[in-house]
Amino acid sequence: MAQTKYIFVTGGVVSSLGKGIISASIGNLLQARGYSITIQKFDPYINIDPGTLNPYEHGECYVTVDGMETDLDLGHYERFTDIQTTRANSLTTGRIYQSVIEGERRGDYLGKTIQVVPHITDEIKRRMRFLGETHGYDFVITEIGGTIGDIESAPFLEAIRQMKWELGQNAVCIHLTYVPYLKAAGELKTKPTQHSVKELQRVGIQPDILILRTEHHLEQALLHKVAAFCNVDESCVVQSEDLPSIYEVPLNMLRQGLDVAILKKLNMSIGEVPALQPWRQFVERQRSATHEVHIGLIGKYDLQDAYKSIRESLHQAATYNDCKAKLVFVNTEQLTMHNVAEQLQGLQGLVICPGFGERGTEGKIQAIRYAREHDIPTLGICLGMQMMVVEFARDVLGLTNANSTELNPQTSHPVIDLMAEQKSFTAKGGTMRLGAYECELLEGSHVHAIYGQRVISERHRHRYEFNNSYREEFERHGMMCVGCNPAGQLVEIVEIPTLRWFIGTQFHPEYQSTVLHPHPLFLDFVKSLKC
Ligand code: GLN
């Protein structure tokens, strides 16, 4: 097996520069040159995973096929490269310490004082190497969360320093920084970048490649200056300007030879310039689309990142339908029966978003009722699907007090109830029904036509489920259970076939939609909005 090459991606100056998108773009370009890759994220916080974090703190929680709740950057990795990430692709300081401490209790370190260096750093290094050693990838790209200079990231940087030392020509460090434009001075400033590189050098890491995030085009002279001040080859300084779509980033990096710079540094063969079809076709189609569809995101988190994968799935689906998705966030906390018509005005379709807890759920019900009564195409995801069920129970079955027991434990009609297997759990972290499960579709249903196959596999993240004792009553009144888990008969999909497009899924289709393999449900949903 050839030696795996390791690429480390760090960030400096400020957060939110898009390290995840850069890491995903690097993966995409190396794949286009015929190499096998994986991408992993190491986050410096103490939580074991982001599953218990509020989306306001951390954005969306992404779920891998094997049921790990992870950082949303893993969603970018999958969307850009079509790889399937697993729990090995997502690490936090919390998990590193947990395994070291468990080892200490087992007696693995008998007689030793356990320290950050070498025990924590050794565990980080072991995890950094793990996927390369077990799967033999050509490249393992490791993105380090946070910003250089944070106290929390020090052990990760020390691990990178040691890995670079041990691996020599088989490791590179790519540092992403920011070049701000000072309007009053009319100048682009490189000083923050210089400081950030100094900070890295201070801990013993010389970055090999610099990527400068900027809102304005940078002239070659500026790149030259950065190269000279930071001990980096000029061919290894590239810029990442704001672009109309994140999916254009790989093409921009290719134009500037980022992949060639990486391959040269790692002594790998470069080969032909990749054509990157059909990626280019996708970007072209996205650019040229003019027809707009207006879609309401009905949820409670007014934050771009909170429903990241849903947004991206809709944008991808829109592109394949040659239109642009205009996503309008509708805050369910302010949605009432009196203002719902006005709030949803002009929206051609609704996505009822996932979520936890009671806040905003009555607003979701108002939106669902309006959509059902006015035949507006609607996709309910997870809590969104559950609220579709509650709304139908209240209004059509006449069970006015119906609810999910998550939201009202005293309800006399628990149409959504805690899953049997969940009843024994008291701990919150990592105990939900997580990851991919099979679902069998009902022949002749709308979803069956959409997927074009009988058995599908989708990712989950929930504790509550459709209460099967109400199933017959729902079906008699026109809400059909058209997808079930073959093992446990859990209802996975409901639809109202008499409406144009009204589907609720207990799973999260958004975790499986990628640029080159857009998800059939989103594709069909957007298609239904065009007519
Ligand atoms: N809160 C609901 C449950 O636990 C839905 C979860 C979700 O939307 N991801 O079942």
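The values are calculated or read from the model by the stated rules, or taken from the named source; none is laboratory data. Quick caveat, the model's predicted, so the values are computed rather than measured. Note that each Cβ is placed from the backbone with ideal geometry, even for glycine, and that neighbours are counted across all protein chains shown.
Scanning the stretch 11-27 for residues that are more than 16 Å from the chain's Cα centre (by Cα) and not aliphatic (A, V, I, L, M) returns Gly11, Gly12, Ser15. Among the criteria (1) away from the ligand (no atom under 16 Å from the Cβ); (2) assigned to a loop (DSSP other than H, G, I, E, B); (3) free of Cβ contacts under 8 Å to residues at least 24 places away in the same chain; (4) touching a strand residue (DSSP E or B) at 6+ places or on another chain (Cβ under 9 Å), the one Arg471 does not fulfil is (2).
Take the conditions (1) acidic (Asp, Glu); (2) touching a Gly at 6+ places or on another chain (Cβ under 9 Å); (3) assigned to a loop (DSSP other than H, G, I, E, B); Glu492 misses just one of them, which is (3). Within the stretch 474-499, the set of residues being away from the ligand (no atom under 16 Å from the Cβ) and β-branched (Val, Ile, Thr) comprises Val482, Ile496, Thr498. Applying the set (1) surrounded by fewer than 16 Cβ atoms within 10 Å (Cβ to Cβ); (2) more than 21 Å from Ser513 (Cβ to Cβ); (3) within 23 Å of the chain's Cα centre (by Cα) to Gly346 leaves exactly one unmet item: (3). Answer yes or no: is there a residue in the stretch 348-371 that is within 17 Å of His508 (Cβ to Cβ) and in a helix (DSSP H, G or I). Yes, that holds for at least one residue. The sole residue among His460, His446 that is under 27 Å from Ala427 (Cβ atoms) and either crowded, with 20+ Cβ neighbours inside 10 Å or within 16 Å of the ligand (Cβ to nearest atom) (or both) is His460.
Conditions tested, residue by residue: (1) within 26 Å of the chain's Cα centre (by Cα); (2) more than 10 Å from the ligand (Cβ to nearest atom); (3) crowded, with 23+ Cβ neighbours inside 10 Å.
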site: Tyr370; (1), (2), (3): no, yes, no
site: His374; (1), (2), (3): no, yes, no
site: Met385; (1), (2), (3): yes, no, yes
site: Val389; (1), (2), (3): no, yes, yes
site: Asn408; (1), (2), (3): no, yes, no
site: His413; (1), (2), (3): no, yes, no
site: Ala420; (1), (2), (3): no, yes, no
site: Lys428; (1), (2), (3): yes, yes, no
site: Thr431; (1), (2), (3): yes, yes, no
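When only residues in the stretch 56-100 that are among the polar types (S, T, N, Q) and surrounded by fewer than 21 Cβ atoms within 10 Å (Cβ to Cβ) count, which is nearest to Glu312 (Cα to Cα)? For the stretch 56-100, the residue satisfying everything is Gln84. Taking every residue in the stretch 225-250 that is surrounded by 13 or more Cβ atoms within 10 Å (Cβ to Cβ) and pairing it with any residue that is small (Gly, Ala, Ser), at least 6 positions away or on another chain, the pairs with Cβ-Cβ distances below 7 Å are Asp233/Ala227; Ser235/Gly257; Ser235/Ala261; Cys236/Ala261; Val237/Ala227; Val249/Ser25; Val249/Ser240; Pro250/Ser25.
In the set (1) free of Cβ contacts under 8 Å to residues at least 60 places away in the same chain; (2) of a type in the set (Asp, Glu); (3) closer than 23 Å to Gly20 by Cβ; (4) in contact with an Asp or Glu (Cβ under 9 Å, 6 or more places away or on another chain), Asp108 fails one condition alone, (3). Checked against (1) of a type in the set (A, V, I, L, M); (2) crowded, with 18+ Cβ neighbours inside 10 Å; (3) touching a Pro at 6+ places or on another chain (Cβ under 8 Å); (4) farther than 14 Å from Asp375 by Cα, Leu529 passes all but condition (4). Taken over the stretch 1-40, the criterion of being under 19 Å from Asp242 (Cα atoms), among the small types (Gly, Ala, Ser) and outside any loop (DSSP other than H, G, I, E, B) is satisfied by Gly11, Gly20, Ser23, Ala24, Ser25. With the requirement that a residue be assigned to a loop (DSSP other than H, G, I, E, B) and in contact with a Phe, Trp or Tyr (Cβ under 6 Å, 6 or more places away or on another chain), what does the stretch 416-438 give you? Result: Thr431, single match. Is at least one residue of the stretch 392-404 over 27 Å from Gly346 (Cβ atoms), at pLDDT 95 or above and within 12 Å of the ligand (Cβ to nearest atom)? Taking every residue of the stretch 392-404 in turn, at least one turns out to be over 27 Å from Gly346 (Cβ atoms), at pLDDT 95 or above and within 12 Å of the ligand (Cβ to nearest atom). Of the helices (runs of 4 or more DSSP H) entirely within the stretch 232-331, those holding at least 2 residues that are touching a Leu at 6+ places or on another chain (Cβ under 9 Å) and over 26 Å from Tyr35 (Cβ atoms) occupy 308-320. For the stretch 433-443, check the following and say yes or no: at least one residue is at pLDDT below 95, within 27 Å of the chain's Cα centre (by Cα), among the basic types (Lys, Arg) and within 16 Å of the ligand (Cβ to nearest atom). Yes, because at least one residue in the stretch 433-443 is at pLDDT below 95, within 27 Å of the chain's Cα centre (by Cα), among the basic types (Lys, Arg) and within 16 Å of the ligand (Cβ to nearest atom).
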